[in-house]
Structures are given as C-alpha cells and as structure tokens.
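Read through the structure below, which is laid out as structure tokens, and then see the notes.
What follows draws every value from the coordinates through simple rules; no lab data is involved. None of the values given here were measured: they were computed from a predicted structure. Heads up, the Cβs are rebuilt from the backbone with ideal geometry, glycines too, and the neighbour counts pull from every protein chain shown.
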Amino acid sequence: MLKKTLFSSLLLISSLSITPAASAQFTIGGTTGSAKWSSECNKGSVQCDKNAKAFKIFTAYELDQNFAIEASLFSLGKLKVNTKTATGKSYTTADATGFELAGVLKQNITEDFATFAKIGVARVSVGTNDNAPLLFFMASETTSTQAVGGLGLTYHISKKFALRGEFEIRRTKLGNEKNTIHNVSAGVQYRF
C-alpha cells in the first residue's frame, strides 16, 4: 500500500513538470542530519540511544512564489535499547521510515535567503527487532498515518541550486505507544 501511494504521488508531482511553463517550478533535493526519538527508555537496567542518523529525498511543485506541495521519502534512523537479563544482555532496535506529503509556505527574506514552514501527513512504518539470548527473537512493524511539521531556511547559491536547513517534527506509533521524533537536517535542492 505504501509503495502504491508513494508511486502515485511521485507520478502526480512529476507529471506537473511536463509542460514548459511548469518545469521552472519543479524542485528535487535531499537532506541528511540527526533524529532524536522521544521514547522514555532509560530506566533501571534498560539503557537506550535515542539519537540516530536521518535522511530524506524530496520533490516539490511550486504553485506560486509562496506556496508549494512537497513529497518526501525519509528514514529517521534507529532507536537502540539494551538491557541486562538473567540470561545475558538483550537488545531491541526500532527504525522509522516513510513517505510524507506536505504543504509548504515560503517567504523570501532577501534575494538569496528564504524561510519556509510546512505541515502535512506522513505514512510512517516503525519496525522493531528484539533479541533476548536463549529466550526469543521477535520482529514486528506498525504503520500509521501521522502529522508532520517543520521550519526551515534556504540559501540560493545560484538560480537553480540552494542549500537547505530544516527542523522537523514527526509523530510515530509502535503498537499503542506514540512517539515524537525531532529531526534537524541540512542538504541541497535543485530547481528545474
């Protein structure tokens, strides 16, 4: 289902760039950075690493100078949890990936700098792997539709290329537990 939704959305946005007038309003790019999971998992013998490496690729169609529609594929890295049990150490990892569609409101500050804010929905899959030596190995996945929001800044180094920095907040769900993941990233974008 996620692959069909992703393919349909990317095909729709790509088709908007076919005409010569629309091609000047089509943007692609990518970012990389860090994600911080909000999970409260440092308790007693349980220790976790809530910081992860994150990345995304995106495409956008600019409806006008101030508004765009953006589609992204993203990975928010892995939450790593370690615990000591009677049979030794065990670990759990949770990784979040997904697809999002957001409306982007942009405002030029100067000729080279612009700010943006975005809000939308993300289809997020959170998968886990659990391993307790001599006891069990378990894997599970939860997919949910969650809100996404963000703020950012672009710096145009030419008419076609820009540097991009942003802060994003995404909700995730694993079973009945909801999590918030904060993401700070930097990257580049290219306008056709």
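Structural remarks
- Amide H partners (placed H, <5 Å) of K53, local residues excluded: A35, K78
- Computed over segment 55-192, the range of Cα coordinates on each principal axis works out to 63, 25, 21 Å, biggest value leading.
- Residues in segment 164-169 carry Karplus couplings, in order, of 9, x, 7, 10, 10, 10 Hz; the curve used is 6.51 cos²θ - 1.76 cosθ + 1.60 with θ = phi - 60°, and Gly or Pro positions show x.
- Once the Cβ-Cβ distance of F113 and D64 is raised to the sixth power relative to R0 = 22 Å, the FRET efficiency obtained is 0.70.
- Unsatisfied cross-links (Cα-Cα over 24 Å) in the set K78/K173; K36/K178; K89/K173; K56/K84; K53/K106; K80/K118: K89/K173; K56/K84; K53/K106; K80/K118
- Here S144 and T83 are evaluated by their C-beta separation; at R0 = 41 Å the FRET efficiency comes out at 0.95.
- Each residue of segment 61-74 was assigned a 3J(HN,Hα) from its phi angle through the Karplus expression (A = 6.51, B = -1.76, C = 1.60, θ = phi - 60°), giving 10, 7, 6, 7, 5, 10, 9, 9, 10, 10, 10, 9, 10, 9 Hz with x at Gly and Pro.
- Cβ-defined net charge surrounding G152, 9 Å radius [Lys, Arg +1; Asp, Glu -1]: 0
- Taking the number of Cβ atoms within 10 Å of each Cβ as an exposure proxy, the fewest-first ranking of L76, L105, L153 is L105, L153, L76.
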